[in-house]
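S.K.: I am attaching a structure below and will ask some questions about it afterwards.
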Amino acid sequence: DGAIIGYDEVSRLAALNRPPIQLRTGCFCNPGACQEALSLCDDDVTEQHASGHVCGDRRGIVNGKPTGAIRASFGKDSIWEDMDALASFIEKVFVSRRHVSLQTQQLNSGANQSDNEHLVIASLFVFPIKSCAAMRVRRWPINRCTGKLAFDREFALVDSSGAAMRLHSY
């Protein structure tokens, strides 16, 4: 609906998500750039400080204005599922179902759609253990909350530090 949501609330909700999502939040040690990015005038920043807002606190909104931003980082070891988990989290928590429903109705009423169109799944593979071999299956349940195959990449082998192992590294 366009409402401002504080970075602190987004961060807490992301941590509760399954799988948990780690985000960087705040002003990233650059208050000038943060002020510019959030279109805050000097009076806004002064007002936020006067209200007690300081770097590192959990006050994402002061007097209806944001005090920081959110950043998700992807690197060379990130995999598609990392980005997919973030996109699914954002859609599940912050996208209005009513708005999506209206867009879907508009798409479905398009002139290019044929009632005879259908999709066929030729092969189905499930990866219960992340980075391990797939299982070819004829049928498999779908998680109704996420729309993903049940148990797909739900488990991982971990090293002695608890980090998920990727077979291409060993």
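The values are calculated or read from the model by the stated rules, or taken from the named source; none is laboratory data. Please read all numbers here as calculations on a predicted model, not as lab measurements. Cβ: placed from backbone, ideal geometry, glycine included. Neighbour counts: every protein chain shown. Side chains included, ligands, DNA and RNA excluded: accessible areas come from the protein's heavy atoms. Shrake-Rupley method; radii C 1.70, N 1.55, O 1.52, S 1.80 Å.
S.K.: Hey, Gly52 hits all of (1) within 12 Å of Arg71 (Cα to Cα); (2) more than 15 Å from the chain's Cα centre (by Cα) but one; which does it fall short on?
M.R.: All conditions are met except number (1).
S.K.: Then there is this: For residues in the range 114-155 being open to solvent by 50 Å² or more (accessible area, probe 1.4 Å), of a type in the set (A, V, I, L, M) and at pLDDT 80 or above, which is nearest to the chain's Cα centre (by Cα)?
M.R.: Ile142
S.K.: Only one of (1) at pLDDT 90 or above; (2) closer than 30 Å to Asp152 by Cβ; (3) more than 17 Å from the chain's Cα centre (by Cα) is not met by Lys76, so which one is it?
M.R.: (1)
S.K.: Here is a follow-up. Name the pairs whose Cβ atoms lie under 6 Å apart, with the first residue in the range 80-100 and modelled with pLDDT of 85 or more, the second of a type in the set (Gly, Ala, Ser) and not in a helix (DSSP H, G or I), and 6 or more positions between them or separate chains?
M.R.: Leu86/Ala72
S.K.: I'm trying to understand the selection: among the residues of the range 1-27, which are in a helix (DSSP H, G or I) and open to solvent by 30 Å² or more (accessible area, probe 1.4 Å)?
M.R.: Result: Glu9, Arg12, Leu13, Ala15, Leu16.
S.K.: Looking at Gly2, is it at pLDDT below 90 and within 22 Å of the chain's Cα centre (by Cα)?
M.R.: When the stated conditions are applied, Gly2 passes them.
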